[in-house]
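Asks: Below are the structure tokens for one structure; questions will follow.
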Amino acid sequence: MTGILPDFLGETVKRINLKSYPQVRQFVVQHLYPDTLRLLLLLHKHVELDCVIGIGYSGDSRVVETLEAEGIRVLTPDFNQLQDTIKKELVASLQRCQEHNSGLVIHEVGGYAIKTLHSHCQEHIHLVKGALEITKQGVWVAQEIPHLKIPQLNCAQTRLKQIEGKMVGDAVAAALDTILRNVGLSMVGRKALVTGYGWVGAGTAQSLRTRGMDVNVFDIDTIKLVEASVDGFAICRTTDSIGSPQFIIGVSGRQSITANIIDQLPSNSFIVSGASKDHEADLPYLQSQSQSINEVHKHIDAHTLKDGRIIYLVNKGYPVNFTGSSVPDEIVEFLFSELIMLMQVLLENPPQAGIYPLSNELEEIAADIWLSLR
Ligand SMILES: NC(=O)c1ccc[n+]([C@@H]2O[C@H](COP(=O)([O-])OP(=O)(O)OC[C@H]3O[C@@H](n4cnc5c(N)ncnc54)[C@H](O)[C@@H]3O)[C@@H](O)[C@H]2O)c1
């Protein structure tokens, strides 16, 4: 047991009999929260952590200190330095692997390292056993690499990940609610437009509605619009007429808050992302229309536009729930169980280069462990 949280991860390691792999090291790009700390410390006993890079580090210094106390190299760059840091550190990790005759496993969230590996580290690619990925975003990145040279194993499209999506949506709504309360605003009765009605978007829309918001939905997929409609949401068939939402929440994983949408937003409205990077809103366009930008809260910037409107950008366009860890650990941990299983698959039965989801049989084990210990 870790406090009162059942030891889902320790049980997973036991159940699958995960071995130690002294000739393999891990290069990690992850969020640094207490739940990831447990995962990393456990995996470190089996596959040594060479380097850990924190995404959107929100200042939990205990996580960093605990990893460093284990002798692990940890970096927590700002978002705008993330890609450069990954590039520099991946090159250094690969050099260390070469010197020590070790292989490397990439363990990441968002496909940052797999992309960098293919664009900047071709000469060392043979040292990489493969990549483990938790998010759809990271799978989409791998799909766009023209000649993928390593296997990417993912738990991004499993049924448990879909279940987590609902909770992520709730975390997005909760994080926004917290920030609004900090500045004295309430969600109740306000109009919101959610762009993207996928796993996370549907959860976000439901959770915003539960908090009293008047929620509309837009998705480029007509079938998703039918689903949103059947779930009781008002829908926008196009983005040419979005009404006057006071909040626009992008949860598509692509750019959904376009210049056209920004032009239609009323003054004092909020732009929010619930996805995984800063690409949900057309930030260069917002920037180009801004006469001045003032921080009105540590997670809200007021953009005064040339036409006089004020638009509030939450968390500089990065996901609002990155301002704190709010998906309960026991939910995230069924995915971490899946990741541990992927590590074993990669190191025991490495597949050819390509993209592979976790098998249904292994997912059943993660689900069984979760239900048995809970
Ligand atoms: N914030 C977090 O903590 C967190 C956690 C998990 C996943 N995510 C991210 O959330 C994003 C969504 O994940 P998901 O699992 O819901 O994906 P999904 O594929 O289930 O849903 C995406 C939806 O967006 C729609 N869409 C695509 N482009 C659009 C556009 N331009 N306008 C409107 N809708 C559009 C798609 O049709 C689809 O219905 C991904 O980037 C994922 O990595 C974030």
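The values are calculated or read from the model by the stated rules, or taken from the named source; none is laboratory data. The structure presented is a predicted model; accordingly, all values stated were derived computationally and were not measured. In this analysis, Cβ positions are derived from the backbone assuming ideal geometry, glycine residues included, and neighbour counts consider all displayed protein chains. In case anyone asks, the SASA skips ligands and DNA or RNA and just uses the protein heavy atoms, side chains included. Shrake-Rupley method; radii C 1.70, N 1.55, O 1.52, S 1.80 Å.
Asks: Identify all residues within segment 262-292 that are in contact with a helix residue (DSSP H, G or I) (Cβ under 8 Å, 6 or more places away or on another chain) and among the aliphatic types (A, V, I, L, M); write none if there are none.
Replies: Correct list: I262, I271, V272, A275, A281, L283, L286.
Asks: So, one more: So which pairs qualify, if the first residue must be in segment 285-304 and touching a residue at least 60 places away in the same chain (Cβ under 8 Å) and in a strand (DSSP E or B), the second must be of a type in the set (F, W, Y) and open to solvent by 30 Å² or more (accessible area, probe 1.4 Å), the Cβ gap must be under 6 Å, and the two must be at least 6 apart or on different chains?
Replies: So the pair list comes out as I300/Y312.
Asks: Considering each of E144, E133, E99 in turn, give the residue that is farther than 22 Å from I249 by Cα, away from the ligand (no atom under 15 Å from the Cβ) and assigned by TED's automatic domain parsing to the domain that holds Y33. Spell out the reasoning first.
Replies: Values: E144 fails: away from the ligand (no atom under 15 Å from the Cβ); E133 fails: away from the ligand (no atom under 15 Å from the Cβ).
On inspection, the qualifying residue turns out to be E99.
Asks: Here is a follow-up. Scan segment 328-343 residue by residue and report those that are out of contact with any Asp or Glu (no Cβ under 7 Å at 6 or more places or on another chain) and surrounded by fewer than 20 Cβ atoms within 10 Å (Cβ to Cβ).
Replies: Within segment 328-343, P328, E330 qualify.
Asks: Moving to a separate point now. For segment 195-212: of the residues being outside any helix (DSSP H, G or I) and either more than 6 Å from the ligand (Cβ to nearest atom) or on the phi < 0 side of the Ramachandran plot (or both), which is surrounded by the most Cβ atoms within 10 Å (Cβ to Cβ)? First the steps, then the outcome.
Replies: Going through segment 195-212, the residues outside any helix (DSSP H, G or I) turn out to be 195-198, 211-212.
This time we only want the ones that are either more than 6 Å from the ligand (Cβ to nearest atom) or on the phi < 0 side of the Ramachandran plot (or both), so: 195, 197-198, 211-212.
Working: T195: 30, Y197: 28, G198: 20, R211: 19, G212: 12.
Here the answer is T195.
Asks: Also, quick follow-up: Here's a check for you: in segment 175-194, which residue that is assigned to a helix (DSSP H, G or I) and open to solvent by less than 30 Å² (accessible area, probe 1.4 Å) is nearest to the ligand (Cβ to nearest atom)?
Replies: Taking segment 175-194 and keeping what is assigned to a helix (DSSP H, G or I), we get 175-182.
Within this subset, residues satisfying the condition of being open to solvent by less than 30 Å² (accessible area, probe 1.4 Å) are 175-177, 179-180.
Details: A175: 9, L176: 11, D177: 15, I179: 14, L180: 17 Å.
That would be A175.
Asks: Within the bounds of segment 228-248, is there any residue that is away from the ligand (no atom under 12 Å from the Cβ) and in a helix (DSSP H, G or I)?
Replies: yes
Asks: Any residue at all in segment 213-227 that is open to solvent by less than 10 Å² (accessible area, probe 1.4 Å), touching a residue at least 40 places away in the same chain (Cβ under 8 Å) and either assigned by TED's automatic domain parsing to the domain that holds V345 or touching a strand residue (DSSP E or B) at 6+ places or on another chain (Cβ under 9 Å) (or both)?
Replies: No, segment 213-227 has no match at all.
Asks: Name the strands (runs of 3 or more DSSP E) wholly within segment 61-170 that hold at least 2 residues that are surrounded by 18 or more Cβ atoms within 10 Å (Cβ to Cβ)?
Replies: Those strands (runs of 3 or more DSSP E) span 103-108, 128-133, 151-154.
Asks: Next question, about the same structure. Based on what the data block shows, is I262 more than 30 Å from L371 (Cα to Cα), away from the ligand (no atom under 14 Å from the Cβ) and among the aliphatic types (A, V, I, L, M)?
Replies: So I262 fails the test.
Asks: Of all residues in segment 305-317, count the ones that are under 13 Å from L265 (Cα atoms) and outside any strand (DSSP E or B).
Replies: 3
Asks: Pairs only if they're at least six apart or on different chains, beta carbon under 9 angstrom, first in segment 1-23 and touching a residue at least 24 places away in the same chain (Cβ under 8 Å), second small (G, A, S) and assigned to a strand (DSSP E or B); list them, first residue then second.
Replies: Taking only residues 6 or more apart or on different chains, the pairs are Y21/G103; Q23/G103.
Asks: Does Y318 qualify as being open to solvent by 10 Å² or more (accessible area, probe 1.4 Å) and at pLDDT below 95? Can you show your working first?
Replies: Working: open to solvent by 10 Å² or more (accessible area, probe 1.4 Å): yes; at pLDDT below 95: yes.
Here the answer is yes, as Y318 does meet what is asked.
Asks: Oh, and also: Away from the ligand (no atom under 11 Å from the Cβ), in the same structural domain as V200 (by TED's automatic domain parsing), of a type in the set (D, E) and surrounded by 15 or more Cβ atoms within 10 Å (Cβ to Cβ), is that true of D301? It would help to see each step written out before you state the result.
Replies: Details: away from the ligand (no atom under 11 Å from the Cβ): yes; in the same structural domain as V200 (by TED's automatic domain parsing): yes; of a type in the set (D, E): yes; surrounded by 15 or more Cβ atoms within 10 Å (Cβ to Cβ): yes.
Answer is yes for this residue.
Asks: I'm trying to understand the selection: among the residues of segment 1-38, which are of a type in the set (A, V, I, L, M) and not in a helix (DSSP H, G or I)?
Replies: Residues satisfying the conditions are M1, I4, L5, L18, V24, V28, V29, L32.
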